[in-house]
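Notes to accompany the following structure.
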Amino acid sequence: SAFSLTSLTLAAWIKVSGVISAVDANPSVDSSTSVKKYTGFFLQDDTGKGTYDGIYVYYVWASNSQAKVPVVGKKITLTGFYDEYYDLSELKNVSWTESGTGTITATEVDASKFTSDKTYGPKYEGMLVKVKSVEVGEMAKTTKGSVIGIKDKTTKAAFEIQLYDFLKPASPAVAPKVGDKFTSITGVLTYSYSAWVVYPRGAADFAK
């Protein structure tokens, strides 16, 4: 059946239905074999009420394997194990069947509440969201200084390259830099290293 995060039980096998809203397209590459390894996708209830309707699915596949490949827009019924991984809600050990296609519309969120309201982020975790009026104030970096995305000047909301490497975009897209302004940036909202982060899926998610 369709799902809501508020109804899921920790450490339990569950069966849910939804539409794949985002898929890893920024793989790690084995330098010796050139094999691309992809990790994870996001599933969202297309019949939900706008909150607690999305979740991360931990699933690994490679360019040289026979593993099933998740595809954005596919409507699926998935069976898996629900767990919390460092406070990230996820489904793992999954299998699924497809049942046509579906559409997910991004939900507009207030990025300023990611840090000011502890109850706000969890409502939209795993969902496709849209953050409006973004100005790049700084580059987002790891604790070791590696650049992994951008941060909004006003809200400090981070947009990272986990699903799509927008720092090295294919032509004609241009990598965002400090000072750039966007009418909106769309992506999936997730929880990483104790912070709420948005993962854009492609060049089309950046609206000038």
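The values are calculated or read from the model by the stated rules, or taken from the named source; none is laboratory data. Bear in mind the structure is a predicted one, so any value in this text is a computation, not a measurement. Cβ: placed from backbone, ideal geometry, glycine included. Neighbour counts: every protein chain shown. To get the accessible areas, we keep the full protein, side chains included, count just its heavy atoms, and leave off ligands, DNA and RNA. Shrake-Rupley method; radii C 1.70, N 1.55, O 1.52, S 1.80 Å.
All but one of (1) under 17 Å from A157 (Cβ atoms); (2) touching a helix residue (DSSP H, G or I) at 6+ places or on another chain (Cβ under 8 Å) hold for S133; state the number of the condition that does not hold.
(2)
So which residues in region 85-131 are surrounded by 15 or more Cβ atoms within 10 Å (Cβ to Cβ), in a helix (DSSP H, G or I) and of a type in the set (S, T, Y), if there are any at all?
Hits for region 85-131 are Y120, Y124.
When E135 is evaluated against the numbered criteria (1) open to solvent by 20 Å² or more (accessible area, probe 1.4 Å); (2) charged (D, E, K, R); (3) within 14 Å of the chain's Cα centre (by Cα), which criterion, by number, is the only one it fails?
Of everything listed in (1) open to solvent by 20 Å² or more (accessible area, probe 1.4 Å); (2) charged (D, E, K, R); (3) within 14 Å of the chain's Cα centre (by Cα), E135 misses just condition (3).
Each row is one residue, and each column tells you yes or no for (1) aromatic (F, W, Y); (2) farther than 30 Å from G18 by Cα; (3) touching a residue at least 24 places away in the same chain (Cβ under 8 Å).
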| site | (1), (2), (3) |
| --- | --- |
| Y124 | yes, no, yes |
| V131 | no, no, yes |
| K144 | no, yes, no |
| T186 | no, no, yes |
| W196 | yes, no, yes |
| P200 | no, no, yes |
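For region 100-128, enumerate the residues that are within 15 Å of the chain's Cα centre (by Cα) and of a type in the set (F, W, Y).
Of everything in region 100-128, just one residue is within 15 Å of the chain's Cα centre (by Cα) and of a type in the set (F, W, Y), namely Y124.
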